[in-house]
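Q: I am attaching a structure below and will ask some questions about it afterwards.
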Amino acid sequence: MLAGRRQIFVRLMECNLDCRYCDTDFEKSDVGRLESQPGSGTFLDLPQPLSQQKITAIFDDWCSRLPGAHHSVSFTGGEPLLHADILAGWFPEIRKTLPIHLETNGTMHSALRLVKQQVDFISMDMKLPSTAGCTQQLWELHALFLREAYGSNVSVKVVVGELTTDSEIGQVCDVISSVDRTLPLFLQPLSLPDGTVGLSAAHILHLQELASSRLSDVRVIPQMHKLLGAL
Ligand code: SF4
């Protein structure tokens, strides 16, 4: 939903899934990393755990150094909702500085309940067997999550690849249309390690046509930060 907007990213550790394409180091650690200057790509060590006062001070500092540059703060992971109890304490203060965007794997509906009143945008994944290859069956969890998120400016993202089937896209459409067929669906072509896209344009367009016959807002957007060579 916010493609093209610049955000401050907060990556939280640990995840409850094991996606095949995961490119994130989310192992638990006593030390975090803080970008020394916004957009510099160089990092300083940051002792954990972070207090709400400390993280709010970092955001205030960045916003004063680059007035107007950042649209929102994106909480991602790992899976950020594994830390929902902490985020519920942080979000009201952070939100005084910037809106909050939650990027989640869409499997923890009970945890979402703890924070959703303080979240401005929710981007939820639906994990396809053909690309994520997770060991758990996730359709029921995704459906519960979307029902919980509905009404909170939620959109859905699926990573699609050459092996993605019509039937998987059909299941995505079943879940979304059972809640609201006008919710935005983003098809994100799988990125290969060399930065190229892992499926043909013809296949992407076919999947978009299929989903568009059931849903009213289906968009194709590749991983922007990889194309730009940003973090
Ligand atoms: S949900 Fe995200 S962080 Fe967790 S394993 Fe999958 S891609 Fe990695």
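The values are calculated or read from the model by the stated rules, or taken from the named source; none is laboratory data. Values in this document were obtained by computation on a predicted structure and should not be read as measured data. Cβ atoms come from the backbone with ideal geometry, glycine included; neighbour counts cover every protein chain shown. To get the accessible areas, we keep the full protein, side chains included, count just its heavy atoms, and leave off ligands, DNA and RNA. Shrake-Rupley method; radii C 1.70, N 1.55, O 1.52, S 1.80 Å.
Q: What pairs can you find where one residue is in the range 126-148 and farther than 22 Å from Cys22 by Cβ, the other is loosely packed, with under 15 Cβ neighbours inside 10 Å, and their Cβ atoms are less than 7 Å apart, with a gap of 6+ or different chains?
A: Listed pairs, sorted by first residue: Ala143/Ser178; Glu148/Arg113.
Q: Further question on the same structure: Just to be sure I understand, how many residues within the range 100-121 are more than 23 Å from Leu138 (Cα to Cα) and either modelled with pLDDT under 95 or under 15 Å from the mean Cα position of the chain (by Cα) (or both)?
A: 3
Q: Among the numbered criteria (1) open to solvent by less than 60 Å² (accessible area, probe 1.4 Å); (2) farther than 19 Å from Met124 by Cα, which single criterion is violated by Ile8?
A: (2)
Q: Output the residues belonging to the range 32-68 that are open to solvent by less than 70 Å² (accessible area, probe 1.4 Å) and farther than 22 Å from Gly89 by Cβ.
A: Matches in the range 32-68: Glu35, Ser36, Pro38, Gly39, Ser40, Gly41, Leu66.
Q: Within the range 72-122, can you find the residues that are open to solvent by less than 20 Å² (accessible area, probe 1.4 Å), of a type in the set (S, T, N, Q) and either within 14 Å of the ligand (Cβ to nearest atom) or in contact with a Cys (Cβ under 9 Å, 6 or more places away or on another chain) (or both)?
A: Selection gives Ser74, Thr76, Thr104, Asn105, Thr107.
Q: Sticking with this structure for a sec: Quickly run through the range 148-167 and pick out the residues that are within 20 Å of the chain's Cα centre (by Cα) and among the charged types (D, E, K, R).
A: Glu148, Lys157
Q: Name every residue in the range 125-137 that is out of contact with any helix residue (DSSP H, G or I) (no Cβ under 8 Å at 6 or more places or on another chain) and open to solvent by 60 Å² or more (accessible area, probe 1.4 Å), in order of residue number.
A: Result: Thr135, Gln136, Gln137.
Q: Ok, one more. Any residue in the range 181-204 that's closer than 10 Å to Val160 by Cβ: show its pairings with residues that are part of a helix (DSSP H, G or I) and open to solvent by 30 Å² or more (accessible area, probe 1.4 Å) at Cβ separation under 7 Å, as long as the two are six or more apart or on different chains.
A: So the pair list comes out as Leu187/Gln208.
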